[in-house]
Amino acid sequence: MKITHADLAEKFIADEPRTDWHDDTLWFVREKRDRAAHGLPEWEDLREWASQIKNHTLSNLSNYLTEFEEKANANRIIVHWAADALEHNKIIHSIIQKHKIQKIVKSKSMLTEECHLNEYLQENGVEVVDTDLGERIVQFRKEPPSHIVLPAIHLKREDVSETFHQHLQTEKGNNYPQYLTEAARLHLRDKFVQSELAITGVNFAIAETGGFVVCTNEGNADMGAHTADVHIACMGFEKIIPKAEHLAVFLRLLARSATGQPVTTYSSHFHKPRPGKEMHIIIVDNGRSTQLGRADFRDSLKCIRCAACFNTCPVYRRSGGHSYHTAVAGPIGSILSPNLDMKANADLPFASTLCGSCTNVCPVKINIHEQLWKWRQVIVAEGYADSTKTIGMKTMAYLFSKPSVYRFAGKMGRKMMKIVPALTNNKLNLWYKQREMPEPPKESFREWYLKNGKIKLKE
């Protein structure tokens with residue numbers, strides 16, 4: 001039986017205090033974003049510029065990707081192209097085999113999560129150590145990240161303390177953040193020093209220079225890339241921007257939208273390998289060309305992975321990232337994932353109130369809630385919608401189109417709720433599971449209006 005967002009969310013909200021804490025924590029981040037954004041008079045101008053740059057880039061993508069490859073090759077960066085996740089993983093594995101590498105560190109990369117790189121390498125006998133603190137915590141726990149910027153946001157300090165006690169032999173019950181952070185630092189320092197290969201993501205690739213930028217708050221991408229002999233950077237092809245001067249627009253938007261910081265702590269620029277070292281970059285499609293060809297959904301490729309839509313979304317905040325059962329959760333993930341597998345992810349566009357808050361905070365002005373609404377139409381048309389929902393909507397459509405039938409059904413429904421309340425007050429009624437059913441009125445509004453409305457209007 002297919003596990004849906006609703007099923008997984010139900011498990012998450014069963015722990016009400018934790019759900020409230022998760023909600024409050026993410027709203028705290030959203031408020032930080034608001035303060036950072038409102039502190040810039042030119043904020044809306046920056047959003048508009050970023051949106052236009054991305055629109056232009058997507059419309060001229062092949063040209064900029066070709067230019068990037070030429071410039072990167074001239075800089076002695078080895079460029080690879082991957083059509084899908086499997087090809088991406090095989091390229092990395094081939095580089096590992098070529099150099100007979102045993103020790104690998106990886107900074108946070110949502111693309112590698114999307115491609116399930118860690119699992120692939122483990123199946124082939126290769127261990128990868130995630131060096132982002134949040135990623136390392138969930139790696140210890142054998143969990144996927146629940147958030148694209150804050151991978152362990154679903155965990156409390158008590159959870160982290162217990163995890164570190166099991167894996168790093170820290171003092172049991174010591175929840176002091178500085179103590180836990182220091183333990184992680186000492187543990188990861190050894191991994192950095194011993195590493196032979198570093199894998200990073202790419203936040204922005206610049207066609208004009210053939211270089212790329214990686215943004216972190218912990219400096220782990222720098223540490224990994226500077227200590228290893230081989231550096232592999234992994235990027236979806238939508239990360240390209242035309243010129244270096246455009247970078248300033250996105251760097252001013254990214255950190256403010258993600259964590260409410262003025263700028264990311266480390267914005268690391270890579271242009272060429274050091275003497276005697278190797279640098280590779282893998283440019284990945286994995287369904288992006290298909291999304292680019294979907295007129296209603298191509299704007300989703302403008303995403304810079306800031307997670308502002310996560311932090312504001314009332315559904316994500318109350319259901320948790322793991323309920324989305326995909327690498328990229330939240331509103332933007334609910335747009336991207338059906339493109340990869342419509343059948344498996346048909347439930348996700350419905351995990352939204354369509355309130356539009358995600359669109360309001362998006363730094364590149366993606367019309368997120370409109371795309372979610374459009375995905376619902378596509379999924380229904382393709383026959384992937386939940387059958388009970390489809391039957392229910394067809395029934396309602398019939399009732400609304402037949403006034404006499406609608407009035408009769410309403411009258412019978414009110415009578416039956418009075419005579420046999422168990423017909424509605426049962427576990428099969430999803431509304432009843434979370435709420436008390438209202439007392440049925442003696443008459444409908446229409447009946448009341450026919451008796452009283454016209455008289456009062458005359459008076």
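The values are calculated or read from the model by the stated rules, or taken from the named source; none is laboratory data. From a predicted model like this one, the values you see are computed outputs, not experimental measurements. Positions of Cβ are backbone-derived with ideal geometry, glycine not excepted, and every protein chain shown enters the neighbour counts.
Listing for the model above:
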item	result
Verdict on residue 150 being in contact with a Leu (Cβ under 8 Å, 6 or more places away or on another chain), in the same structural domain as residue 278 (by TED's automatic domain parsing) and either closer than 30 Å to residue 179 by Cα or touching a residue at least 24 places away in the same chain (Cβ under 8 Å) (or both)	no
Matching residues, region 379-400, being more than 23 Å from residue 428 (Cβ to Cβ) and among the small types (Gly, Ala, Ser)	381, 383
Residues of region 92-113 satisfying the condition of being surrounded by fewer than 18 Cβ atoms within 10 Å (Cβ to Cβ) and either within 24 Å of residue 339 (Cα to Cα) or without any contact (Cβ under 8 Å) to a residue 60 or more places away in the chain (or both)	93, 94, 97, 98, 100
Among the candidates 387, 404, residue that is under 43 Å from the mean Cα position of the chain (by Cα) and surrounded by fewer than 11 Cβ atoms within 10 Å (Cβ to Cβ)	387
Tally, over region 153-168, of residues that are without any contact (Cβ under 8 Å) to a residue 12 or more places away in the chain and more than 21 Å from residue 21 (Cβ to Cβ)	1
Subset tally (residues that are assigned to a helix (DSSP H, G or I), basic (Lys, Arg) and closer than 30 Å to residue 250 by Cα) for region 362-381	1
Residue in region 66-86 that is free of Cβ contacts under 8 Å to residues at least 60 places away in the same chain, under 30 Å from residue 194 (Cα atoms) and in the same structural domain as residue 236 (by TED's automatic domain parsing) present	yes
Residue list for region 169-182, filter: in contact (Cβ under 8 Å) with a residue 12 or more places away in the chain and within 29 Å of the chain's Cα centre (by Cα)	175, 177, 180, 181
Within region 316-358, considering residues that are free of Cβ contacts under 8 Å to residues at least 24 places away in the same chain and among the polar types (S, T, N, Q), the one nearest to residue 143 (Cα to Cα)	326
Conditions (1) in contact with a strand residue (DSSP E or B) (Cβ under 8 Å, 6 or more places away or on another chain); (2) at pLDDT below 95; (3) not assigned by TED's automatic domain parsing to the domain that holds residue 245: number failed by residue 227	(3)
Residue check for residue 99: under 17 Å from residue 281 (Cα atoms) and within 28 Å of the chain's Cα centre (by Cα)	no
